[in-house]
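Derivation of every value follows stated rules applied to the coordinates shown; laboratory data play no part. Source: prediction; values computed, not measured. Cβ sites come from the backbone with ideal geometry, for glycine too, and all protein chains shown count toward neighbours.
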Amino acid sequence: MDIAGKTALVTGAGAGIGLATGLRLAREGAAVVVADVDEDAGKAAAERIAEAGQASFVHADVTREADVAAMVEHAEREFGALDILVNNAGGYRQPVFGEASVEHWTRNLDLNLRAVMLGIHFALEAMRRRGAGAIVNVASTAGLGPEPHPGPEYATAKAAVMRLTACLAPLAGEGIRINCVCPYTVGTEAVLQTIGELKAEGRDLPEPLRAELLEPEEVAEAIVDLVRDDSAAGRVVKLVGGKPPEVI
Ligand SMILES: NC(=O)c1ccc[n+]([C@@H]2O[C@H](COP(=O)([O-])OP(=O)(O)OC[C@H]3O[C@@H](n4cnc5c(N)ncnc54)[C@H](O)[C@@H]3O)[C@@H](O)[C@H]2O)c1
């Protein structure tokens, strides 16, 4: 897909990977809708992205069905279509499954899995009207492998996002390609702050983690590559700092 002139919606584009992706897509010539639950961060991000191209902010909590439907409508109303969706918003809050209330862990699960499904659900309607589209989901290496993870429902949701991506590959037959990036730890502002706090407590980052930390821009690059590559459908790309992207 040629990104120039297209409309892209990035969830959680107020910070971190989403912001880097929004900036990158705008530099490639897309009009970018910043969808974020944090009004201040989202508006500030849209202003930054507008310096590189066209941008518009829409307030959306992606765990809410009505907000997800409305953010897609916003893209179509503001820029005439929805061509690209990046299901990026995610993360988890303590306490986690095993300690947390059902309501709390359900919200973690909703943010990391159901929100991705809602995004695809409403984007499909818009993309079918257009006859084409590219969707990229942001999973995590938390969803891979046999090791325990400190956020069980987060890791489980991310694993499911990768399977969901693979299951939806046949939509490429309608011109709608769904792919996924699976990053290891990314040096976003929030992550760098946590690392700084650990350091201040004398708990330095283990060497393998430091070497494999990704830049948010590296994840944005992999997302843009998947949007561009018309042969990519149902693809999951693992990203680890210092290593080439790996299709898994
Ligand atoms: N940072 C990492 O180390 C890392 C590693 C692998 C995968 N990921 C994944 O990458 C994605 C982005 O992570 P990040 O580290 O850039 O996050 P971040 O915390 O830096 O930014 C997340 C953004 O999403 C927004 N957001 C949170 N909940 C939302 C909701 N319900 N509706 C709409 N917006 C919401 C926040 O307001 C914020 O602007 C997530 O899916 C995360 O799981 C992150």
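A few comments on the model shown:
- Average projected area [Cα convex hull, the chain], square nanometres: 13.0 nm²
- Surrounding net charge for Glu221, when Lys and Arg each add one and Asp and Glu each subtract one, Cβ distance under 13 Å: -3
- Burial order of peptide ranges 209-220, 191-202, 84-95 (average beta-carbon count within 10 Å, highest first): 84-95, 209-220, 191-202
- Region 40-52 - phi-based ³J(HN,Hα) in whole Hz, Karplus 6.51/-1.76/1.60, Gly and Pro as x: 5, 5, x, 5, 5, 5, 4, 5, 5, 5, 5, 5, 9
- Summary of packing: across the peptides 25-37, 66-78, 9-21, 107-119, the per-residue average of other C-beta atoms within 10 Å ranks them, highest first, as 9-21, 25-37, 107-119, 66-78.
- Seen from Ala45, the other residues with C-beta closer than 13 Å to its C-beta sum to a net charge of -4, counting Lys and Arg as +1 and Asp and Glu as -1.
- In order along region 210-221, the phi-based Karplus estimate (6.51 cos²θ - 1.76 cosθ + 1.60, θ = phi - 60°) of 3J(HN,Hα) comes to 4, 5, 9, 4, 9, 8, x, 5, 5, 5, 4, 4 Hz; Gly and Pro are listed as x.
- Taking the centroid of alpha carbons for each part, region 21-94 and region 199-233 are 21 Å apart.
- For the chain: relative contact order, % (alpha-carbon pairs under 8 angstrom, 6 or more apart): 19 percent
- Helical runs (DSSP H, four residues minimum) scored at -39500 (n - 2.57) apiece and divided by the length of the chain put the mean residue ellipticity at 222 nm at -14000 deg cm²/dmol.
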